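Asker: Got a structure for you, written out below as structure tokens; questions coming shortly.
The values are calculated or read from the model by the stated rules, or taken from the named source; none is laboratory data. This one's a predicted model, so the numbers in the text were calculated from it and none came from an experiment. Positions of Cβ are generated from backbone atoms using ideal geometry, with glycine treated the same way; all protein chains shown enter the neighbour counts. The protein model used for the area step is the full one, side chains on, heavy atoms only, and it has no ligands, DNA or RNA in it. Shrake-Rupley method; radii C 1.70, N 1.55, O 1.52, S 1.80 Å.
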Amino acid sequence: MNTAPSWILKPRELHDPQVPCSPASGARCRDQPLQVRTNQAHAGALTYDPDEFEKFVEEWVPALDSLYVRVVRQGGTGDHGIDVAAFLTHQSLEGSWHNYQCKRYKGTLAWSTAAGEIRKMFAGVVTGEFIVPEQYTFVAPSIGPSLQQALQRPVGTRKAFVEALRETTDKVITDLGPRLRREVEELAAGTSFEMFQTVNMKQMLEQHKTTDYWVKRFPPESPPRPAVMEPPEKPEPREARYVQQLVQVYAERWPSDASTVTQIAQHRTAGPHLRHQREAFFSAESLRRFGEEAYPAGHFEAIVKDIYDAVIDVARDDHPTGWKRLQAVTSQAINAGLTQTVFAQHVRTLDRTGVCHHLANEDELTWCEGEGT
């Protein structure tokens, strides 16, 4: 005859109603994804040195066009004015491509600076480094009015640029020699300056948000985790299966002293152990609810999967008793590595044990032989 009381044998209520979001809960609702404010990200990006700014641009470029087959950062000495190249074909610099020229200055990016980069680009073409890109974008935190005005008049700007080429003292051009200088002038005169564009930091940040790099580069502000739920005095129906499994563990280890709930409550080891396991279950339940309220779907489930993957082989191994299996599995869970996400920082030691009992509540884990693991 089964000695477990009726509340243990009731059907499990696996999922209680979700706790509604409210300002008082201290958490954001699921339909309000965590995002660092754009102005905070803007302030952070302004602190980048030129090298880090190029890395930022390399992360951002793929968000602009799904047709890019490859995006490569090429900045450095002898880059011929290419910082980040986005290729539309596998021919790379010999096929259709777009150039992103990064300029990280404290001030604004002026036409005089941009003109020097354009000269580099034309020199690179006539010396056989690459073909003319289909699009050339200047990327800078702030675009100066002289550059904005120049690119708003592409025909007039091209004419002025070609005339200035004849008088320039820029070594990028003067070192080419007479023949290649003429080729640069002819190439510039025959190139549509509509290819030159600008983008500012605000536009970049809005587009960078759509990439996988956004959360890594600008971690969201995490809401504080609310207080952990305390287990009710008597187990609830939704606790039935994992508590039933614990009763079986105690009955197996102490058959004459802890085979009924009344005995377990009075047992010096089983009683405190059961209370602690229930605290762990509700700690994990608190984490689950917090994840549902404050984060996009799937974060708590990812924690559960990480712990399941870490403990399942231990659970399936041979153990002399259910008690030994339970101890081995929860110990493994406590030491398990978790995928590093913005949610994982909220996981506490007690949650890990509690997740094991959530899994036991679903029969994904069992402790005693004959229960099936």
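Asker: Report, by residue number, each residue of region 214-244 that is surrounded by 17 or more Cβ atoms within 10 Å (Cβ to Cβ) and hydroxyl-bearing (S, T, Y).
Answerer: If the condition is that a residue be surrounded by 17 or more Cβ atoms within 10 Å (Cβ to Cβ) and hydroxyl-bearing (S, T, Y), then Y242 is the only one that fits.
Asker: Taking the stated definitions as given, is V125 of a type in the set (A, V, I, L, M) and either closer than 16 Å to T191 by Cβ or touching a Ser or Thr at 6+ places or on another chain (Cβ under 6 Å) (or both)?
Answerer: Criteria met by V125.
Asker: Exactly one condition in (1) modelled with pLDDT under 95; (2) open to solvent by less than 50 Å² (accessible area, probe 1.4 Å); (3) charged (D, E, K, R) is false for E185; which is it?
Answerer: Result: E185 fails condition (1) only.
Asker: Filter region 68-95 down to residues that are modelled with pLDDT of 90 or more and part of a loop (DSSP other than H, G, I, E, B) and give me whichever is least open to solvent (accessible area, probe 1.4 Å). Write out each step before concluding.
Answerer: Taking region 68-95 first, the residues modelled with pLDDT of 90 or more are 68-72, 84-95.
Filter once more, keeping what is part of a loop (DSSP other than H, G, I, E, B): 68-69, 88-91, 95.
Numbers: Y68: 29, V69: 67, L88: 43, T89: 41, H90: 165, Q91: 116, G95: 5 Å².
Going through the qualifying residues, I end up with G95.
Asker: Would a scan of region 4-22 turn up a residue that is part of a loop (DSSP other than H, G, I, E, B), modelled with pLDDT under 50 and over 30 Å from A297 (Cα atoms)?
Answerer: Checked against the condition, which is being part of a loop (DSSP other than H, G, I, E, B), modelled with pLDDT under 50 and over 30 Å from A297 (Cα atoms), region 4-22 yields at least one hit.
Asker: If you don't mind, another one. Any residue in region 250-270 that is outside any helix (DSSP H, G or I) sitting within a Cβ distance under 7 Å of a residue that is among the acidic types (D, E) and at pLDDT below 95? List the pairs, counting only those 6 or more apart or interchain.
Answerer: H267/D257
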